[in-house]
């Protein structure tokens, strides 16, 4: 049998991609930071887009499956997110809630297409409107975000199923008004489920860390939470731990 006959009909393996590096933008009235401590096991992915209409669009996604496959899906999501976020949330946008929902629907289809089937991808998608000081968000099966202000800590809870499960699943955008000085944290699933002798770190411990923490920058905010998780785990092996932080000046 010739070598040509042996390999007839074989297809070259598909080259897997990785998302491009994320650049954390600088805005006038809000500080932004992202931090992670990676075990290089999971599919945590985050990105930011700013628009001409002074809006910050961001997402944090945890894609299930092997890391190389998850990052390949994240690369496809990033392509669409960067191509469409400014379009949907730009100056011609009439309804932020509808625009954010349409953007999420497109990202959901991208997860399904890139994975070639079902792939669970809990996602937090937000849009901060700098002139208005408002945060519109969609929590698709993702751990709750948290907002700390003068009134205490508020949870931005999930109100829909994760992406990558159904092609026509819909989510309703929610709105939160950020007071001057308010802090926002968006934790990854790996952070909330970080293991320690007391079980999982959990939302309540995250809430306590946010309430008790003293920080003046978004970077300090993220590091305060990560240090609390590390202290809780005390050397216990963890999955990827990621956090996004915002502070309104």
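The values are calculated or read from the model by the stated rules, or taken from the named source; none is laboratory data. Everything quoted here is computed from the prediction, not taken from an experiment. Positions of Cβ are generated from backbone atoms using ideal geometry, with glycine treated the same way; all protein chains shown enter the neighbour counts.
Listing for the model above:
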quantity: Residue check for residue 62: surrounded by fewer than 13 Cβ atoms within 10 Å (Cβ to Cβ) and under 21 Å from residue 118 (Cβ atoms); calculated: no
quantity: Where residue 105 falls short, out of the listed (1) outside any loop (DSSP other than H, G, I, E, B); (2) surrounded by fewer than 21 Cβ atoms within 10 Å (Cβ to Cβ); (3) free of Cβ contacts under 8 Å to residues at least 60 places away in the same chain; calculated: (3)
quantity: Qualifying positions in the stretch 161-178 - crowded, with 17+ Cβ neighbours inside 10 Å and either closer than 22 Å to residue 74 by Cβ or modelled with pLDDT under 90 (or both); calculated: 162, 163, 164, 171
quantity: Selection count where residues are touching a strand residue (DSSP E or B) at 6+ places or on another chain (Cβ under 6 Å), surrounded by fewer than 23 Cβ atoms within 10 Å (Cβ to Cβ) and modelled with pLDDT of 95 or more, scope the stretch 111-133; calculated: 1
quantity: Among the residues listed as 183, 188, 167, the single one being under 19 Å from the mean Cα position of the chain (by Cα), under 26 Å from residue 120 (Cα atoms) and touching a residue at least 24 places away in the same chain (Cβ under 8 Å); calculated: 188
quantity: Single condition residue 75 does not satisfy, out of (1) outside any helix (DSSP H, G or I); (2) under 19 Å from residue 49 (Cα atoms); calculated: (1)
quantity: Selection count, the stretch 84-97, where residues are surrounded by fewer than 16 Cβ atoms within 10 Å (Cβ to Cβ), part of a helix (DSSP H, G or I) and touching a residue at least 12 places away in the same chain (Cβ under 8 Å); calculated: 1
quantity: Selection within the stretch 54-69 - within 18 Å of residue 162 (Cβ to Cβ) and under 14 Å from the mean Cα position of the chain (by Cα); calculated: 58, 59, 60, 61, 62, 63, 64
quantity: In the stretch 198-225, the residues that are in contact (Cβ under 8 Å) with a residue 40 or more places away in the chain, farther than 16 Å from residue 181 by Cβ and either in contact with a helix residue (DSSP H, G or I) (Cβ under 8 Å, 6 or more places away or on another chain) or not in a helix (DSSP H, G or I) (or both); calculated: 203, 206, 225
quantity: Counted residues, the stretch 151-160 - those being closer than 25 Å to residue 108 by Cα and surrounded by fewer than 16 Cβ atoms within 10 Å (Cβ to Cβ); calculated: 3
quantity: When residues of the stretch 30-56 are limited to those that are at pLDDT 90 or above and in a loop (DSSP other than H, G, I, E, B), the one surrounded by the most Cβ atoms within 10 Å (Cβ to Cβ); calculated: 51
quantity: Where residue 150 falls short, out of the listed (1) modelled with pLDDT under 95; (2) within 21 Å of residue 136 (Cα to Cα); (3) in contact with a helix residue (DSSP H, G or I) (Cβ under 7 Å, 6 or more places away or on another chain); calculated: (3)
quantity: Selection status of residue 243, surrounded by 22 or more Cβ atoms within 10 Å (Cβ to Cβ), touching a residue at least 40 places away in the same chain (Cβ under 8 Å), within 20 Å of the chain's Cα centre (by Cα) and not in a loop (DSSP other than H, G, I, E, B); calculated: yes
